[in-house]
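This report refers to the structure that appears directly beneath it.
The values are calculated or read from the model by the stated rules, or taken from the named source; none is laboratory data. Values in this document were obtained by computation on a predicted structure and should not be read as measured data. Note: ideal-geometry Cβ built from the backbone for every residue, glycine included; neighbour counts use all protein chains shown.
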């Protein structure tokens with residue numbers, strides 16, 4: 001049975017935005033000097049959007065929030081085995097606002113930026129190309145300690 005075109009499109013949009021944030025984070029780390037406050041922000045955004053893409057694929061609504069814990073809890077209802085990945089990413093939530101405004105701490109350390117990027121990269125996505133009639137991959141594949149959101153709809 002073909003996949004719902006609108007759901008495929010919405011899921012793809014979330015995943016592409018997540019990948020764009022991860023690309024921006026990696027790029028910002030190479031600036032001279034590194035733009036570490038932007039690195040951690042894009043890492044938070046990348047992880048958040050990957051989880052929202054997962055919920056979208058599973059036709060689960062979510063409210064507008066930057067809380068990785070809240071969005072992650074919804075994902076755990078679908079697949080409880082995601083708990084280690086969600087728990088590891090929850091601390092990224094504060095980077096949605098921390099370091100973004102005047103008067104905030106100056107910037108994250110290099111170690112914070114490196115760790116945020118390592119965590120966000122665990123949420124990298126690898127879409128699959130299906131044969132006609134393939135079913136969606138409803139649960140992420142776990143391999144080598146990485147969390148891969150795979151959707152056979154792409």
Quiz prompt | Residues satisfying the stated conditions in segment 59-77, i.e. under 16 Å from the mean Cα position of the chain (by Cα) and part of a helix (DSSP H, G or I) | solution = 68, 69, 70, 71, 72, 73, 74, 75, 76
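Identify all residues within segment 79-106 that are in contact with a helix residue (DSSP H, G or I) (Cβ under 7 Å, 6 or more places away or on another chain) and on the phi > 0 side of the Ramachandran plot; write none if there are none.
Taking segment 79-106 and keeping what is in contact with a helix residue (DSSP H, G or I) (Cβ under 7 Å, 6 or more places away or on another chain), we get 82-83, 86, 88-90, 92-93, 95-96, 99-100.
Residue satisfying the conditions is 99 alone.
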Quiz item: Quick one: would you say residue 33 is free of Cβ contacts under 8 Å to residues at least 12 places away in the same chain, surrounded by fewer than 23 Cβ atoms within 10 Å (Cβ to Cβ), out of contact with any helix residue (DSSP H, G or I) (no Cβ under 6 Å at 6 or more places or on another chain) and within 14 Å of residue 123 (Cα to Cα)?
Solution: no
Quiz item: When you look at residue 89, is it within 12 Å of the chain's Cα centre (by Cα) and in a helix (DSSP H, G or I), yes or no?
Solution: yes
Self-check item: Scan of segment 123-140 for residues that are touching a helix residue (DSSP H, G or I) at 6+ places or on another chain (Cβ under 6 Å) and either assigned to a loop (DSSP other than H, G, I, E, B) or at pLDDT 95 or above (or both), ordered by number
Solution: 123
Quiz item: Is there any pair with a first residue in segment 59-78 that is on the phi > 0 side of the Ramachandran plot and free of Cβ contacts under 8 Å to residues at least 60 places away in the same chain and a second that is surrounded by 13 or more Cβ atoms within 10 Å (Cβ to Cβ) and part of a loop (DSSP other than H, G, I, E, B) whose Cβ atoms are under 6 Å apart and which are 6 or more apart or on different chains, and what are they?
Solution: none
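Residue-wise test of (1) touching a strand residue (DSSP E or B) at 6+ places or on another chain (Cβ under 7 Å); (2) within 17 Å of residue 117 (Cα to Cα).
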| residue | (1), (2) |
| --- | --- |
| 14 | no, no |
| 27 | no, yes |
| 60 | no, no |
| 73 | no, no |
| 85 | yes, yes |
| 104 | no, no |
Quiz item: Checking residue 23 against (1) assigned to a loop (DSSP other than H, G, I, E, B); (2) exposed (fewer than 13 other Cβ atoms within 10 Å of the Cβ); (3) under 13 Å from the mean Cα position of the chain (by Cα), which test does it fail?
Solution: (1)
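Tell me which residues, restricted to segment 1-14, are surrounded by fewer than 23 Cβ atoms within 10 Å (Cβ to Cβ) and in a helix (DSSP H, G or I).
Our first condition is that a residue be surrounded by fewer than 23 Cβ atoms within 10 Å (Cβ to Cβ); within segment 1-14, this holds for 1-10, 12-14.
Within segment 1-14, 5, 6, 7, 8, 9, 10, 12, 13, 14 meet the criteria.
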Quiz item: residue 50 fails exactly one of the following numbered conditions: (1) surrounded by fewer than 13 Cβ atoms within 10 Å (Cβ to Cβ); (2) on the phi < 0 side of the Ramachandran plot. What is the number of that condition?
Solution: (1)
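Can you tell me how many residues within segment 38-58 are assigned to a helix (DSSP H, G or I), more than 13 Å from the chain's Cα centre (by Cα) and at pLDDT below 95?
Start the filter on segment 38-58 by keeping residues that are assigned to a helix (DSSP H, G or I), which leaves 38-57.
After this cut, where a residue has to be more than 13 Å from the chain's Cα centre (by Cα) as well, the list is 38-39, 57.
Checking the rest, the ones that are also at pLDDT below 95 come to 57.
Residues flagged as assigned to a helix (DSSP H, G or I), more than 13 Å from the chain's Cα centre (by Cα) and at pLDDT below 95 within segment 38-58 amount to 1.
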Quiz item: Quick one: would you say residue 108 is modelled with pLDDT of 90 or more, in a loop (DSSP other than H, G, I, E, B), surrounded by 13 or more Cβ atoms within 10 Å (Cβ to Cβ) and out of contact with any strand residue (DSSP E or B) (no Cβ under 8 Å at 6 or more places or on another chain)?
Solution: yes
